[in-house]
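Data first, discussion second: the structure below is written as structure tokens.
The values are calculated or read from the model by the stated rules, or taken from the named source; none is laboratory data. Bear in mind the structure is a predicted one, so any value in this text is a computation, not a measurement. Ideal geometry is used to build each Cβ from the backbone, glycine not excepted, and the neighbour counts take in all protein chains shown.
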Amino acid sequence: MISTEISQEVNMRRRILWLVLASAIVLAGLGCPATPPPATDETAVEALQESDSADEIVVKVLREPTVEYKYAQSFHEGFAAVGRNAVIDGYYIGYVDKNLNVVIPMEHFYIYWAFQDGGSASNFSEGLVAVSISDENYDWQERKWGFKDKTGKLVIPFEYDSAQDFSEGLATVERDGKRGFIDKAGNVVIPFDYDHARSFSEGLAAVRRDGKWGFIDKSGRIVVSFNYDDDGSNYLSAYTFSEGLAAVNKKDNGWGYIDKTGKVVIPFKYSAVGAFSEGMACVSYDDYNGKFGVINTDGSTVVPPIYDNEAYYDFHGSFFSLPHFSEGLLSVANVRRRPEGSDYMTGYIDKAGKIIIPLEYSYGAAFSEGLAAVRRGDKSGYIDKTGKTVVPFEYTDALSFSEGLAWVQKNYDWGILAINTD
């Protein structure tokens, strides 16, 4: 399901993937001198420090990490998924409100390596959340999905083989290997005609039929013909629309971007792409040893391809993607090569490509509510947009702030931080 935040075990899979990607980049770059990134722009940093000095962010501990929670996700619409260990490799998932009152008990079974569509437990979206139920043998392939409201009431029965979150009034669900769309009353609005489907965004949804991707509107009318390919990675190969553009794939040409009429706006020439955010998108080129740069909505290069492709797993659709601009900054990384091994060093640039926060962290999440979760070595903390440490590096994992709250982990247990608004 949909979430950019994962449990310890799922996070381990992400770290393993991260190491594999780093190794691949190192091998690809052997014998090829790396292009050095630009120096940190001290003037830009000073300007940020001056503008943010009056709005210093203060964070307090709302609840220390506790054995009660072995799994946690960010808050959405006032609720967050939490979990306790199950008898096998999974969790019993429930939902709490911002006061940590249990709204839906931890009784919905998930297997961490088989979460629906490669993601995790669902988030509340448009007042409903997708939940699953399995038999007494915890057979994840036999689970059925339905939807509950914010009181915990089951409003759409457990009758689907998979379900994604509601978006623009509709949710994609699966029955007998085919996908369709239902409304919040459980009525089938778009028949089960597709092999795969993504959520609606900006009025259109990407759907796959016979190995080809196209786009439909909310009436089920085909708006963009089935002209686009899977890229062979076993992950979805068409993005949702963002800022009027969607990334799609042509097997023999690579990735490009189309508008809502299906017109090619940015040619098919990239080996990997990200969705547009704040007028910018990250793209990667095979010709540059997998490094990525940044383009704008007309395809012009804003930042040259000098950063290493630190792809991440996008739980909004189960495919590899690139970072995106958030609150004016973008997380970028370069491989650090050392005798004992190679790893990523991450920092942040602005929309002019200037380094605002030096590449000195082993991981850096997108900024959210003025803060970014970053990792130094094996410990996580939070920094502000000047690079100042706001929360010390004392946690084994840290999720992004959402709705004023963020989950942090110590010794497999999760607690919660809050932005102090007093």
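Per-residue answers, yes or no, for (1) modelled with pLDDT of 95 or more; (2) in contact with a helix residue (DSSP H, G or I) (Cβ under 8 Å, 6 or more places away or on another chain); (3) in a strand (DSSP E or B):
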| residue | (1), (2), (3) |
| --- | --- |
| ASP231 | no, no, no |
| LEU236 | no, no, no |
| ASP252 | no, no, no |
| TRP255 | no, no, yes |
| LYS260 | yes, no, no |
| LYS269 | no, no, yes |
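Across the stretch 175-223, what is the total count of residues that are of a type in the set (Lys, Arg) and over 27 Å from LYS251 (Cβ atoms)? Step through it out loud before you land on a result.
Taking the stretch 175-223 as the starting set, the residues that turn out to be of a type in the set (Lys, Arg) are 175, 178-179, 184, 198, 208-209, 212, 218, 221.
Right, trim to over 27 Å from LYS251 (Cβ atoms) and you get 175, 184, 218.
The qualifying residues number 3.
Here is a check on your reading of the model: is PHE215 part of a strand (DSSP E or B) and buried (at least 21 other Cβ atoms within 10 Å of the Cβ)? Spelling it out, PHE215 is indeed part of a strand (DSSP E or B) and buried (at least 21 other Cβ atoms within 10 Å of the Cβ).
The rows are residues; the columns are (1) touching an Asp or Glu at 6+ places or on another chain (Cβ under 8 Å); (2) closer than 15 Å to LEU322 by Cα.
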residue	(1), (2)
ALA206	no, no
LYS251	yes, no
ILE258	no, no
ALA272	no, yes
SER284	no, yes
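Could you identify the single residue in ASN334, ASN296, ASN309 that is modelled with pLDDT of 80 or more and under 27 Å from LEU245 (Cα atoms)? Before you say what the answer is, go through the steps one by one.
Numbers: ASN334 fails: under 27 Å from LEU245 (Cα atoms); ASN309 fails: modelled with pLDDT of 80 or more.
Result of the check over ASN334, ASN296, ASN309: ASN296.
Taking every residue in the stretch 344-359 that is on the phi > 0 side of the Ramachandran plot and pairing it with any residue that is part of a strand (DSSP E or B) and of a type outside the set (Ser, Thr, Tyr), at least 6 positions away or on another chain, the pairs with Cβ-Cβ distances below 6 Å are GLY353/VAL303. Among the residues of the stretch 343-351, is any assigned to a strand (DSSP E or B) and of a type in the set (Gly, Ala, Ser)? Taking every residue of the stretch 343-351 in turn, at least one turns out to be assigned to a strand (DSSP E or B) and of a type in the set (Gly, Ala, Ser). Taking the stretch 240-283 as the region of interest, how many residues are farther than 14 Å from THR297 by Cβ and either touching a residue at least 60 places away in the same chain (Cβ under 8 Å) or touching a strand residue (DSSP E or B) at 6+ places or on another chain (Cβ under 7 Å) (or both)? The qualifying residues number 14.
Before we move on, is GLY169 under 12 Å from LEU128 (Cβ atoms), within 24 Å of the chain's Cα centre (by Cα) and modelled with pLDDT of 95 or more?
Working: under 12 Å from LEU128 (Cβ atoms): yes; within 24 Å of the chain's Cα centre (by Cα): yes; modelled with pLDDT of 95 or more: yes.
Here the answer is yes, as GLY169 does meet what is asked.
Scan the stretch 168-209 residue by residue and report those that are surrounded by 19 or more Cβ atoms within 10 Å (Cβ to Cβ) and of a type in the set (Ser, Thr, Tyr).
Filtering the stretch 168-209 for residues surrounded by 19 or more Cβ atoms within 10 Å (Cβ to Cβ) gives 170-174, 179-182, 190, 194, 196-200, 204-208.
Across the stretch 168-209, the qualifying residues are THR172, TYR194, SER199.
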